[in-house]
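The values are calculated or read from the model by the stated rules, or taken from the named source; none is laboratory data. Predicted model only: the values in this text are computed from it and were never measured. So basically every Cβ, Gly included, is an ideal-geometry build from the backbone, and we count neighbours across all protein chains shown.
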Amino acid sequence: MKYRTYPHSNVTVSEVGFGLWTTSTGWWGDKSDDEAVSLLREAYDLGVTFFDAADTYGNGRSEEQLAKAFGDRRERVVYATKFGYDFSDAGQARRGQSELPQDFSPDFVRKALEASLRRLQTEYIDIYQMHNARMGQIDDDALWELLESFKQEGKIRMYGVALGPAIGWLGEGVEAVRRRHVSSMQIIWNILEQYPGDEQIHAAGDAGAPTGYMIRVPHSSGMLEGHYTAETTFPKNDHRRHRPRSWLLNGIQKIEQLRFLERPDRTL
């Protein structure tokens, strides 16, 4: 395993991280908490020290899984988690990738932080991320001041923004880097999905921002593993089942065009 330190910080992480959306939500198949803990500890034994959760993943379950896995070795791992969604009324089943209501008010954010700390059974969070922030949050000076106060209180080490795919997020990502110089930006980027990630990454260079990029969906939701065919179907509780069939067919076509990159010692 190789390790990197976030720019202008003392937060060092493994280059390969572990995202707990897969273990806590049931949208990649159901995992018990015992299975999740076993996977997390196996990853740690292989050198992974970087674990990305969110308070909304399984309504707090991802954070609880981390506490069960690493409560006895907290100082050796890096916890990233997220805030901004109100899942207090999320007992009903969510359909597909439908979005919960968001709340970035100061009172809600502070309560969310304290709740995450309790579930993680820790005194601090290494990387605290706005979950799918809109431009209103990028513009909100009070929110950024609040995050800075959390840092001064020792409750977080760094803060940043995690962005999703549904509405593009180009402007939010670029402005978070240009104007807020965020320490961490979580974005989608892989050989099939380079927009808007390229522009967001270039923005940090242009602005001289000390931003480290956390890349999610590096396998393009499994597409780059090269196993899908036109007959592939996904289980009912798999989030990929909610995508249009064109996503599958177009992706397979792109994979075939990229096969020339494969070598005996290199997969897509």
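Residues of the stretch 97-119 being over 16 Å from residue 129 (Cα atoms), modelled with pLDDT of 95 or more and surrounded by fewer than 14 Cβ atoms within 10 Å (Cβ to Cβ), which ones?
The answer is 107, 118.
Considering only the stretch 228-248, state which residues are in contact (Cβ under 8 Å) with a residue 40 or more places away in the chain and not in a helix (DSSP H, G or I).
Within the stretch 228-248, 235, 237, 238 qualify.
Show the residue pairs meeting these rules: Cβ distance below 8 Å; 6+ apart or different chains; first residue within the stretch 249-264 and in contact (Cβ under 8 Å) with a residue 24 or more places away in the chain; second residue surrounded by fewer than 10 Cβ atoms within 10 Å (Cβ to Cβ) and hydrophobic (A, V, I, L, M, F, W, C).
Note: pairs meeting the criteria are 252/230.
I'm trying to understand the selection: among the residues of the stretch 116-145, which are of a type in the set (A, V, I, L, M) and either at positive phi or out of contact with any strand residue (DSSP E or B) (no Cβ under 9 Å at 6 or more places or on another chain) (or both)?
Answer for the stretch 116-145, where residues must be of a type in the set (A, V, I, L, M) and either at positive phi or out of contact with any strand residue (DSSP E or B) (no Cβ under 9 Å at 6 or more places or on another chain) (or both): 135, 142.
Just a yes or no: is a residue in the stretch 156-176 aliphatic (A, V, I, L, M), farther than 23 Å from residue 139 by Cβ and modelled with pLDDT under 95?
no
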